[in-house]
Amino acid sequence: MSIAAVIREKGRNVVSVSPEAGIAEIASVIASRRIGALVVLADHGGLVGIVSERDVVKALARHGVRALEQTASDLMTRQVTTVTMQTSVDQAMEIMDAGYFRHLPVMDGTELAGIVSIRDLVKHKIRVQQRALRAQPDPG
């Protein structure tokens, strides 16, 4: 099972913000889209970071109302761990577990192909298991 199968099921839609996006905009997008992270894209479309709901909460805890003056560039993780379409689902889950994060941008060569969450991966594994169980012959 590769990440490509998850992306096929989920789609390539990626919600993103610019590095200049303010924390209020980031929080609004995360809340309205019911997602846990946004990729941060440069003007040329290249991946420059990822900002999560945890980043927003940490900024608010650390800076209070002054956090609203910050931008995605201030909050984002710049050294983004990514996976490829060929990465296995199990490998992606291990990467997430080891890094203590829940979202991985997916690269197809130099292009951003999507993003997967731990929830996407668990749902995929459950679907695969259900299909396997339905394919088994009835023992009775």
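The values are calculated or read from the model by the stated rules, or taken from the named source; none is laboratory data. This one's a predicted model, so the numbers in the text were calculated from it and none came from an experiment. As a convention, Cβ positions derive from the backbone with ideal geometry for all residues, glycine included, and neighbour counts pool all protein chains shown.
Of everything in the range 15-38 that is closer than 19 Å to A113 by Cβ and touching a Leu at 6+ places or on another chain (Cβ under 6 Å), the residue that is surrounded by the fewest Cβ atoms within 10 Å (Cβ to Cβ) is V15. Looking across the range 122-132, just one residue is hydrophobic (A, V, I, L, M, F, W, C) and modelled with pLDDT under 85, and that is A132. Determine whether S32 is closer than 30 Å to A132 by Cα and polar (S, T, N, Q). In short, no. Within the range 80-101, the residues that satisfy the criterion of being assigned to a loop (DSSP other than H, G, I, E, B), farther than 20 Å from L41 by Cα and at pLDDT 95 or above are Q86, T87.
With respect to the conditions (1) outside any helix (DSSP H, G or I); (2) among the β-branched types (V, I, T); (3) in contact (Cβ under 8 Å) with a residue 40 or more places away in the chain, V128 lacks only one, and its number is (1). For the range 77-118, a residue qualifies if it is touching a Pro at 6+ places or on another chain (Cβ under 9 Å) and among the hydroxyl-bearing types (S, T, Y), and the qualifying residues are T81, T82. Taken together, R131, R34, R66 contain a single residue that is more than 16 Å from M1 (Cβ to Cβ), of a type in the set (D, E, K, R) and more than 15 Å from the chain's Cα centre (by Cα), which is R66. Contact map, the range 78-107: residues that are in contact (Cβ under 8 Å) with a residue 40 or more places away in the chain and closer than 20 Å to K123 by Cα paired with residues that are of a type in the set (S, T, Y) and not in a strand (DSSP E or B), Cβ distance under 6 Å, separation 6+ or inter-chain. Pairs shown: P105/T82. Taking the listed residues T81, T87, the one that is over 12 Å from the mean Cα position of the chain (by Cα) and of a type outside the set (A, V, I, L, M) is T87, with no other qualifying.
A Cβ distance below 6 Å, combined with a sequence gap of six or more or placement on separate chains, defines the contacts here; from the range 47-71, residues that are surrounded by 12 or more Cβ atoms within 10 Å (Cβ to Cβ) reach residues that are at pLDDT 95 or above and acidic (D, E) in the pairs T71/E20.
There is no residue in the range 109-124 that is part of a strand (DSSP E or B), over 22 Å from R34 (Cα atoms) and of a type in the set (S, T, N, Q).
Cβ-Cβ distances below 8 Å connect the following pairs, each with a first residue in the range 4-24 that is of a type in the set (A, V, I, L, M, F, W, C), a second residue that is part of a loop (DSSP other than H, G, I, E, B) and surrounded by 14 or more Cβ atoms within 10 Å (Cβ to Cβ), and a separation of six or more residues or different chains: A4/M85; I7/M85; V15/I35; I23/Q70.
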